[in-house]
Amino acid sequence: MGIDKAFTLIELLITLLILSILLAVGLPSFSTLVENKKSNVTIAKIKQAVEVAKVSAIVNGRIVTLCKSQDGIKCGGSWEQGIITFTDANADRTINQDDKLIRYFTFPEAEGSIHWRAFQNRQYLQITSQGFTRFQNGNFTYCPFNKKNYLARQLVINRTARVRYAMDSNGDGLREDSSGKPIRC
């Protein structure tokens, strides 16, 4: 009877040893998977915000503004704090008169910064009632705080408000921007 317990204890120790080895090997891979997922979710939410703005502009027959917002009420703050979309009849980038807040997007999963680079360096995006940008082609870039370039993501927006993700076309693990250069954080 005592021998059976000793073998069970040895089996348990061997099992724990194997499990520890597997976790030590697999944990870094799992961590990378989680980091990639957070980057992908962040850039997908930005794409959703642009698409909501475009559809709303067409449906409402009005200019819709998309801007960074720290409070979900007015433009201001930084992009990673949040994005609001709202009808903007007079295109003044302020919710006033008959303007209506459409949606407030937040990024709780984002562990990095979001930047908008656009023609004429405007820190907002406006979409006309025809579904085009107001001469604002540009891109949103997400860079994680840890500066790992393989986690950087970019969303490219053209004049017709068509959106595309920056891809890794050469297989080096880094996505390229619209000029073909790797996105750097």
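Observations, loosely collected:
- Set ILE127, ILE114: member being among the hydrophobic types (A, V, I, L, M, F, W, C) and in contact with a Phe, Trp or Tyr (Cβ under 7 Å, 6 or more places away or on another chain): ILE114
The rows are residues; the columns are (1) assigned to a loop (DSSP other than H, G, I, E, B); (2) open to solvent by less than 20 Å² (accessible area, probe 1.4 Å); (3) hydroxyl-bearing (Ser, Thr, Tyr).
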residue	(1), (2), (3)
ARG103	no, no, no
PHE107	yes, yes, no
ARG117	no, no, no
GLN126	no, yes, no
GLY131	yes, yes, no
PHE135	yes, no, no
CYS143	no, yes, no
LYS147	yes, no, no
GLN154	no, yes, no
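- Subset of segment 90-101 [among the hydrophobic types (A, V, I, L, M, F, W, C), surrounded by fewer than 15 Cβ atoms within 10 Å (Cβ to Cβ) and more than 24 Å from the chain's Cα centre (by Cα)]: ALA91
- Restricted to segment 145-185, and to residues there that are free of Cβ contacts under 8 Å to residues at least 40 places away in the same chain and among the aliphatic types (A, V, I, L, M), the residue that is nearest to ALA49 (Cα to Cα) is VAL156.
- Scanning segment 91-101 for residues that are under 16 Å from ILE58 (Cα atoms) and assigned to a loop (DSSP other than H, G, I, E, B) yields ALA91, ASP99, LYS100.
- Given (1) touching a strand residue (DSSP E or B) at 6+ places or on another chain (Cβ under 7 Å); (2) on the phi > 0 side of the Ramachandran plot, number of the condition PHE135 does not satisfy: (1)
- The requirement of being touching a residue at least 60 places away in the same chain (Cβ under 8 Å) and either under 18 Å from THR128 (Cα atoms) or acidic (Asp, Glu) (or both) is fulfilled nowhere in segment 96-107; no residue meets it.
The values are calculated or read from the model by the stated rules, or taken from the named source; none is laboratory data. These numbers come from a predicted model, not from an experiment. Using ideal geometry, Cβ is built from the backbone for each residue, glycine included, and neighbour counts are taken over all protein chains shown. The area values use the complete protein model at the heavy-atom level, side chains included, leaving out ligands, DNA and RNA. Shrake-Rupley method; radii C 1.70, N 1.55, O 1.52, S 1.80 Å.
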